[in-house]
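For reference, the structure discussed in these notes is given below.
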Amino acid sequence: MKNTAFIDFHKSLGAKIVSFAGYNMPIQFEGINVEHETVRKKVGVFDVSHMGEFWVKGQKAFELVQKLTSNDVAKLTEGKIQYTCFPNEIGGIVDDLLVYCIDNETYLLVVNASNIEKDWEWVNSKNDIGAELYNVSDETSQLAVQGPNALELMQKLTDTDLSSISYYTFKYAEIAGVKNVLISATGYTGAGGFEIYMENKDAKKIWEAVFEAGREFGVKPIGLAARDTLRLEMGFCLYGNDIDDKTSPIEAGLGWITKFVDGNNFTNREAIQKQKEDGVSKRLKAFEMIDKGIPRQHYEICDSEGNTIGEVTSGTMSPSMKKAIGMGYVKSGFTKLDTEIFIKIRDKLRKAKIVKLPFYKG
């Protein structure tokens, strides 16, 4: 198992360490609910150094990224970020990712930790045009500073006006005396904040500076368990749960990142476009429980007579709302708002209803 540059901090803070995506990662420090509420109300820091980072450079960089991804890279300008996915040949998704536009010959692709090797092979297999590719995942550390106090905390560490970094944009800044740190605002929690990308050699210095600056704001380290409950409250997809290599962007409700424009000839475009035009037999939908019970991944979703109409992909007891929530693929005919569905929990049908995202409105 690999360790991130922050592993000694995690251990010293008493984190519960688990293996995740090939890394030893902190699943929790004080407890999920405490950490979740810290991010919603104050500010928390996640070690997300396990994520993958690929550079795509050169005169063919734009052409390759446009060919690889479902969104329209032509809409990106310098300093902008795009959420997108790699469609595969069978209508599913290789991975969902972020594309950072440094300039029209330089892009940073940020991919999921569990898919780094698979994604790297995929990107290289499609690079028949000579774009320059660099996998810097093992050399890069990343922290996500999330919560309503994140801006005030981070502003103490830099002269760059961080309030000018709007949602899905980034800048390079000097952070805690470290030059050329990439700082962005994409978020995965719905609580606001920033991501900081740094070289491993600078990780210790930046971690210590963030926690020193954050002391007055009640900053705490946050584990992956709270990261999952926070993202689910917002209805953000998690690869391996809500999307995978067999779920299409249209089924997953990701039509908004799937652009059928001239010059955007991503893998399997024709079949995915047909899905958008003709409709699909199932869709990823959000639901909240009416009866008692917590939905878990792979639980059956049923109609009132107990017939299986889908499967839960993510579920939890929402720490913010104190109610059980979930997402899952549901057969067409059961996807409209307020439709009554049932989750099979320990062989009993528990009532739920289809709701609109996000679950947590703030």
Criterion: under 27 Å from the mean Cα position of the chain (by Cα) and within 30 Å of Asp72 (Cα to Cα) - qualifying residue of Ala286, Ala324: Ala286
Hey, Gly263 surrounded by fewer than 21 Cβ atoms within 10 Å (Cβ to Cβ) and in contact with a Leu (Cβ under 6 Å, 6 or more places away or on another chain) or not: no
Any pair with Cβ under 9 angstrom, 6 or more apart, that starts in the range 1-27 at a residue that is free of Cβ contacts under 8 Å to residues at least 40 places away in the same chain and ends at one that is among the basic types (Lys, Arg): Asp8/Lys204; Ile17/Lys11; Asn24/Lys2
Filter result for Ala352 (at pLDDT 95 or above, among the aliphatic types (A, V, I, L, M) and surrounded by 19 or more Cβ atoms within 10 Å (Cβ to Cβ)): yes
Pick from the range 350-362, criterion in contact with a Ser or Thr (Cβ under 8 Å, 6 or more places away or on another chain) and not basic (Lys, Arg), ranking: farthest from Gly235 (Cα to Cα): Ile354
Pairs with Cβ under 6 Å, 6+ apart, first in the range 273-301 and on the phi < 0 side of the Ramachandran plot, second among the aromatic types (Phe, Trp, Tyr) and not in a strand (DSSP E or B): Gln273/Phe260
Residue count, the range 81-138 (criterion: assigned to a loop (DSSP other than H, G, I, E, B) and either in contact with a His (Cβ under 6 Å, 6 or more places away or on another chain) or buried (at least 21 other Cβ atoms within 10 Å of the Cβ) (or both)): 1
Boolean, Val73 is closer than 26 Å to Thr4 by Cα and in contact (Cβ under 8 Å) with a residue 12 or more places away in the chain: no
Residue under evaluation Glu208, criteria (1) over 24 Å from Phe54 (Cβ atoms); (2) crowded, with 17+ Cβ neighbours inside 10 Å, criterion not met: (2)
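Only one of these is closer than 20 Å to Pro87 by Cα, modelled with pLDDT of 95 or more and either among the aliphatic types (A, V, I, L, M) or in contact with a strand residue (DSSP E or B) (Cβ under 6 Å, 6 or more places away or on another chain) (or both): Gly253, Gly326, Gly279, Gly310. Name it.
Gly253 is the lone residue from the list that is closer than 20 Å to Pro87 by Cα, modelled with pLDDT of 95 or more and either among the aliphatic types (A, V, I, L, M) or in contact with a strand residue (DSSP E or B) (Cβ under 6 Å, 6 or more places away or on another chain) (or both).
Residue-wise test of (1) in contact with a strand residue (DSSP E or B) (Cβ under 6 Å, 6 or more places away or on another chain); (2) of a type in the set (Val, Ile, Thr).
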| residue | (1), (2) |
| --- | --- |
| Val145 | yes, yes |
| Asn149 | no, no |
| Asp159 | no, no |
| Leu162 | no, no |
| Ala176 | no, no |
| Ser184 | yes, no |
Residues of the range 1-23 classified as buried (at least 18 other Cβ atoms within 10 Å of the Cβ) and outside any strand (DSSP E or B), total: 7
Whichever residue in the range 305-346 is in contact with a His (Cβ under 9 Å, 6 or more places away or on another chain) and either of a type outside the set (S, T, N, Q) or more than 25 Å from Arg227 (Cβ to Cβ) (or both) and, among such residues, is surrounded by the most Cβ atoms within 10 Å (Cβ to Cβ): Val312
Residues located in the range 309-318, provided they are of a type outside the set (Asp, Glu) and over 19 Å from the mean Cα position of the chain (by Cα): Ile309, Gly310, Met317
Odd one out for Cys302 among (1) touching a helix residue (DSSP H, G or I) at 6+ places or on another chain (Cβ under 7 Å); (2) surrounded by 18 or more Cβ atoms within 10 Å (Cβ to Cβ): (1)
Test result for Gln59, in a loop (DSSP other than H, G, I, E, B) and over 30 Å from Glu212 (Cα atoms): yes
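The values are calculated or read from the model by the stated rules, or taken from the named source; none is laboratory data. Just so it is clear, the model here is predicted, and its values are computed rather than measured. Using ideal geometry, Cβ is built from the backbone for each residue, glycine included, and neighbour counts are taken over all protein chains shown.
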